[in-house]
Amino acid sequence: MPSLIVRAINSVGRLIEFCLTGQTDYALTTSDFCLADTIDNSVQAKLAMKELLPYLQQKFGIVLQAPIIINLEKPRTRSWKRVVFSAGEHIGSYTSRWLGENLSHEILLAPGMERRKFKAVLAHELTHAFQAERRLLRTHKGLKEGMARWVEYHVLNEVGLKREADKLCRYRSFILGRGIITILNYEREHGRTATLKWLKDLA
Ligand SMILES: [Zn+2]
């Protein structure tokens, strides 16, 4: 629900309460009203991830074991690598953190992203986390990035951001830009299950 309407309802609620009791501390606390339009704190980020994880499991067999740390800050590095490997926008990044034998996932996401877009970028980074846990596509850098964009593409379509999804297919990074197209073509021909199997079987 748009925050303006929620604010209006709250204002009316406060007014009614003020008229009845002379006090005003009324606020709607139903979970729907707690969902922000943009994600700029860790509570909202965790709520978005909670909604996303069952979807990723059901649609892509992506299940994560290691702890996931989401930090809402702009990805730091602006190296040539980041330029080559990211899809043009520097709004998300993924890093594996090893403490001895124990892996944890660190995801940086730019604060203030629109909720639906946030979910799509988070899905991209969680796909990289899954690749790290399963040691997937280590010798196929183009398909590794392509798989993350492919998942992001489907989430963007799922949440109604079709234009953003199409844009994702048009980035022409000379090494990695074509991975998503290769995977989408494979999926069109063989279906989702076969595509996932193919990607998971590649070393
Ligand atoms: Zn990526």
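The values are calculated or read from the model by the stated rules, or taken from the named source; none is laboratory data. Since the structure is predicted, the reported quantities are computational estimates derived from the model, not experimental observations. Here Cβ is always computed from backbone atoms with ideal geometry, including for glycine, and neighbour counts include all displayed protein chains.
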Checklist entry - If you check LEU126, LEU168, which single one turns out to be modelled with pLDDT under 95, crowded, with 18+ Cβ neighbours inside 10 Å and within 12 Å of the ligand (Cβ to nearest atom)? => result LEU168
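Just the residues that are within 15 Å of the ligand (Cβ to nearest atom) and closer than 27 Å to GLU101 by Cβ, please, taken from the stretch 129-144. Show your work before the answer.
Within the stretch 129-144, the first condition is being within 15 Å of the ligand (Cβ to nearest atom), and the residues that meet it are 129-132, 136-138, 140-144.
Scanning the stretch 129-144 gives ALA129, PHE130, GLN131, ALA132, LEU136, LEU137, ARG138, HIS140, LYS141, LYS144.
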Item to check | Every residue from the stretch 92-118 that is surrounded by fewer than 17 Cβ atoms within 10 Å (Cβ to Cβ) and within 16 Å of the ligand (Cβ to nearest atom) | outcome: SER96, GLU106
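For the structure I just gave you, tell me whether ALA194 is in contact (Cβ under 8 Å) with a residue 12 or more places away in the chain, closer than 26 Å to GLN65 by Cα and either in a helix (DSSP H, G or I) or within 12 Å of the ligand (Cβ to nearest atom) (or both).
No.
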